[in-house]
1. Relative contact order of the chain: what whole-number percent is it, with Cα pairs under 8 angstrom and at least 6 residues apart?
2. If packing is taken as the mean number of other Cβ atoms within 10 Å per residue, what is the order of 34-47, 74-87, highest first?
3. Would you calculate a helix-derived [θ] at 222 nm for the chain, using -39,500 (n - 2.57) for each DSSP H run of n ≥ 4 and dividing by the full residue count, to the nearest 500?
4. Need the full-extension length gain, residue 128 to residue 97, defined as separation in residues times 0.36 nm minus the C-alpha distance. One decimal, nm.
5. What angle, in degrees between 0 and 90 and rounded to the nearest 10, separates the Cα long axis of helix 51-61 from the longest principal axis of the Cα atoms of the chain?
6. Looking at the P(r) of region 68-139, how many percent of alpha-carbon pairs lie beyond 15 Å?
7. For region 32-70, list residues with backbone N below 14 Å from a point placed 7 Å from the Cα of residue 7 toward its Cβ?
8. Normalized C-alpha radius of gyration of the chain, against 2.2 N^0.38 Å?
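All of the numbers you see were taken from the coordinates with simple rules; none came from a lab. This structure is a prediction, so every number in the text was calculated from the model and none was measured. Ideal geometry is used to build each Cβ from the backbone, glycine not excepted, and the neighbour counts take in all protein chains shown.
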């Protein structure tokens with residue numbers, strides 16, 4: 001069971017872990033030990049997440065969200081399988097915590113009369129400076 005916060009807990013049946021050999025340095029250890037972890041979370045079928053949270057989670061997950069509605073996280077940072085499992089689970093928990101925070105709705109505002117007046121005056125003064133840069137006419 002993966003605890004997200006006081007209200008939300010992800011059950012074990014929603015998570016699937018598979019182990020594979022990691023790439024990179026490590027010598028013989030890399031060739032023998034399956035230390036890399038692929039954590040799969042069935043987010044679309046999860047009863048512990050609200051539909052709005054699932055929508056935000058899909059947007060946050062990006063390419064890690066599969067067509068079947070699962071999130072796939074991979075970790076091969078360390079040589080230890082247990083440490084890689086912990087890192088992958090922590091990443092999933094952080095991703096879900098970010099999705100739990102609803103974004104603030106933006107309230108459109110109008111510029112103040114003073115700021116509009118200052119902007120127009122600045123435009124007039126720049127226009128006057130630029131108009132004086134023209135060709136001099138002899139009379």
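1. Values: 149 pairs, mean separation 29.1, N = 139.
Computed over the chain, the figure is 21 percent.
2. Details: 34-47: 18.6, 74-87: 16.3.
Put in order of decreasing packing, that is 34-47, 74-87.
3. Values: 4 runs with 55 residues, N = 139.
So the helix-based figure for the chain works out to -12500 deg cm²/dmol.
4. Working: separation 31, 0.36 × 31 = 11.16 nm, distance 5.51 nm.
Using 0.36 nm per residue and subtracting the Cα-Cα distance, I get 5.7 nm.
5. 80
6. Roughly 77 percent, once rounded to a whole number.
7. Output list for this probe position: 48-54.
8. On the way: Rg = 27.9 Å, N = 139, 2.2 N^0.38 = 14.3 Å.
Computed over Cα atoms of the chain, the ratio equals 1.95.
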